[in-house]
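K.L.:
Handing you this structure, nothing more for now.
The values are calculated or read from the model by the stated rules, or taken from the named source; none is laboratory data. Note that the coordinates shown come from a computational prediction; the quantities given were computed from them, not determined experimentally. Here the Cβ is made from the backbone with ideal geometry for all residues, glycine too, and neighbour counts use every protein chain on show. Side chains are part of the model used for accessible areas, which takes the heavy atoms of the whole protein and leaves out ligands, DNA and RNA. Shrake-Rupley method; radii C 1.70, N 1.55, O 1.52, S 1.80 Å.
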Amino acid sequence: MKEYLLLLGAEQFLRERSYAGGKSVGNFEIWTAINNAKYNYNSYFDFCLNADPLNYDDLKKQVDFYRTKGYILKSVVPLNDWTLKIANRLNKEYALPYLDDNVIEACRNKKEMKNLFEQAKIPTAKSKNFYNETQLIQILSEFSFPIIIKPVDFGGSGGVYLANNLEEALRAYSKSQEIMDKYAEAFKVSSNEFLVEEFIESDDEVSVEVLCGKDFYEVITVTEKYLSPKPWFTEMGHVVPSHRYRDNNIITLAINTCKSLGINRGVAHVEIKVKDKDLYVIEAAARPGGDAIMDLIESSYGINPYSLHISMYIDNTQNNNHEFTPTKTSAIAFMKAPFGEITDIKFPDIGEDSEIIRINIFKKIGDKVGNPENWSHREGIVQFTFPKISIEKEYKHIEKSNTLSKEIFECRESINE
């Protein structure tokens, strides 16, 4: 019999290091699941189940089939929001450790999350849910503009818009609904429930990775986040560690946030808005941060946080009292090409630039470049490493990325622009 770990969501770009994390946990094979796997096989992993990672029946059928071949499931580990419920259901089915269903629901439904924050006195923006335009108009009387419109169950800044008046609010709701109509079925999320949320005017935001176990919590690091210009909230860059990584107020708030949601297994991702000396929790997730934040942590701290996340799904009682100490700064920036249609893509010589680790281009000639509305409106990434730990908010990675974007992408103004 061979034991294996099934990492759901691991096939996604920028989550490749989850394989190495799983391998370091024990003598297990590391599997993932990919829809139509024989055409989309990912050789990073020891094996790819031919199953939709968001389809419980597909996955269970495959797990049961390979059990007859001598392969025993050790744990199902979710690596993104969309796979949380499926992983939990499978772990319960096979009598493996899992999170409480109420925890999963609270981490996926922003309305329930906000209710728990309020009960635990976690500082957060005022919000209220709605299902249609009539309800939205009624609710807006309880808020002062500007406000934010966002889906209750989505991520990646998808469908998140700022509105300064009633007309903009109705337009934001319409655009948010369009996003959910496009993606809800694919991600198996609610398509018609939204939030009106108080807007906290600040460009300073961090995320915190918290290792959660049974009766213990350890903050791994604090990441400084860089957002696109308003009225959008797309994350355009990250720095690990943030110059605030030793801020006890941020550390305490992140831990209390995880406690309020009942997260006691794995690495959790907590997003916090910083306004002057005040802190507000935006939301939290019972999974590691995306956008290569785990890669940046590994580069800066010399540890693979996926290994910590996975180990808690096997045994969440193992409190090793880690010491998380950065030795350098790592950063990522998301490229934005000039508006228009991409007519050429060039590859300038960066071989002598020791600060650049890698560049990945997402777009191709003929693609259109528009506003940075969400994760799908990025043209590429640039990952960096810098020898010193930041002591203030810096923009070097953003500036270098912007310069490279202009060198790499040649665009012409589109007729429709």
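K.L.:
Suppose R0 equals 30 Å; then what is the FRET efficiency for T385 and Y94 from their Cβ-Cβ distance, rounded to the nearest 0.05?
P.N.:
0.15
K.L.:
Please give the length that would be gained between Y71 and L170 if that part of the chain were fully extended, namely 0.36 nm times their separation in residues minus their C-alpha to C-alpha distance (nm, one decimal).
P.N.:
Working: separation 99, 0.36 × 99 = 35.64 nm, distance 5.28 nm.
Fully extending the segment from Y71 to L170 adds 30.4 nm.
K.L.:
Given charges of +1 on the Cβ of Lys and Arg and -1 on the Cβ of Asp and Glu, with all other atoms neutral, how large is the dipole of segment 114-236 about its Cα centre, in debye to the nearest 20? Each step should come with its number before you reach the end.
P.N.:
Numbers: 12 positive and 21 negative charges, 49 e Å.
With only Lys, Arg, Asp and Glu charged at Cβ, the dipole is about 240 debye.
K.L.:
Could you give the Stokes-Einstein D for the chain in µm² per second, using the C-alpha Kirkwood radius, 20 °C, 1.002 mPa s?
P.N.:
Working: Rh = 22.3 Å.
This corresponds to a translational diffusion coefficient of 96 µm²/s.
K.L.:
Where does each of 322-331, 205-214 land if you order them by average Cβ count within 10 Å, highest first?
P.N.:
Highest-to-lowest ranking by the protection proxy: 205-214, 322-331.
K.L.:
For the chain, set up a GNM with springs between Cα atoms under 10 Å and report which of S144, S176, S18 has the largest fluctuation.
P.N.:
It is S144.
K.L.:
A further question on this structure: Hey, got the dipole for the chain? About the Cα centre, +1 on K and R Cβ, -1 on D and E Cβ, debye to the nearest 20? Intermediate values should be presented prior to the final figure.
P.N.:
Details: 50 positive and 62 negative charges, 179 e Å.
Dipole size: approximately 860 debye.
K.L.:
I need the peptides 262-268, 296-302 ranked by packing, meaning the mean over residues of other C-beta atoms within 10 angstrom, with the highest value on top.
P.N.:
Per-residue Cβ counts within 10 Å, averaged per peptide and sorted highest first, yield 262-268, 296-302.
K.L.:
Right, something else. Using r as the Cβ-Cβ distance of L14 and D353, and R0 as 30 Å, what FRET efficiency do you calculate, to the nearest 0.05? Each step should come with its number before you reach the end.
P.N.:
On the way: r = 21 Å, r/R0 = 0.70.
Computed FRET efficiency for L14 and D353 comes out at 0.90.
K.L.:
Can I ask one more? Give me the distance in nm between label points sitting 7 Å out from Cα along the Cα-to-Cβ direction at Q318 and M1, one decimal.
P.N.:
2.0 nm
K.L.:
So what is the relative contact order for the chain, in percent, with contacts set as C-alpha pairs under 8 Å and at least six apart?
P.N.:
Computed value for the chain: 14 percent relative contact order.
K.L.:
Give me the accessible area per residue for the chain, probe 1.4 Å, as a whole number in Å².
P.N.:
45 Å²
K.L.:
Sort out for me the Cα centre separation of segment 384-407 from segment 1-76, rounded to whole Å.
P.N.:
Here the two parts' Cα centres lie 36 Å apart.
K.L.:
Give or take rounding to whole Å, what are the principal axis extents of the alpha carbon atoms in segment 113-270, in descending order?
P.N.:
Principal extents (Cα only, largest first): 45, 33, 30 Å.
K.L.:
A follow-up question, please. Take the alpha carbon atoms of segment 324-417, find their radius of gyration, then divide it by 2.2 N^0.38 Å using N residues; give the quotient.
P.N.:
In units of the globular-protein estimate, segment 324-417 measures up at 1.20.
K.L.:
Quick one: grab Rg to one decimal and Dmax as a whole number for segment 220-352, Cα atoms only, in Å.
P.N.:
17.3, 55
K.L.:
Give the calculated FRET efficiency between K328 and E142 to the nearest 0.05, with a Förster radius of 60 Å applied to their Cβ-Cβ distance.
P.N.:
After rounding, the FRET efficiency stands at 0.80.
K.L.:
So what is the relative contact order of segment 131-242, in percent, for Cα pairs below 8 Å that sit 6 or more residues apart?
P.N.:
24 percent
K.L.:
Once the convex hull of the C-alpha atoms of segment 4-136 is built, how many Å³ does it hold per residue, rounded to a whole number?
P.N.:
162 Å³
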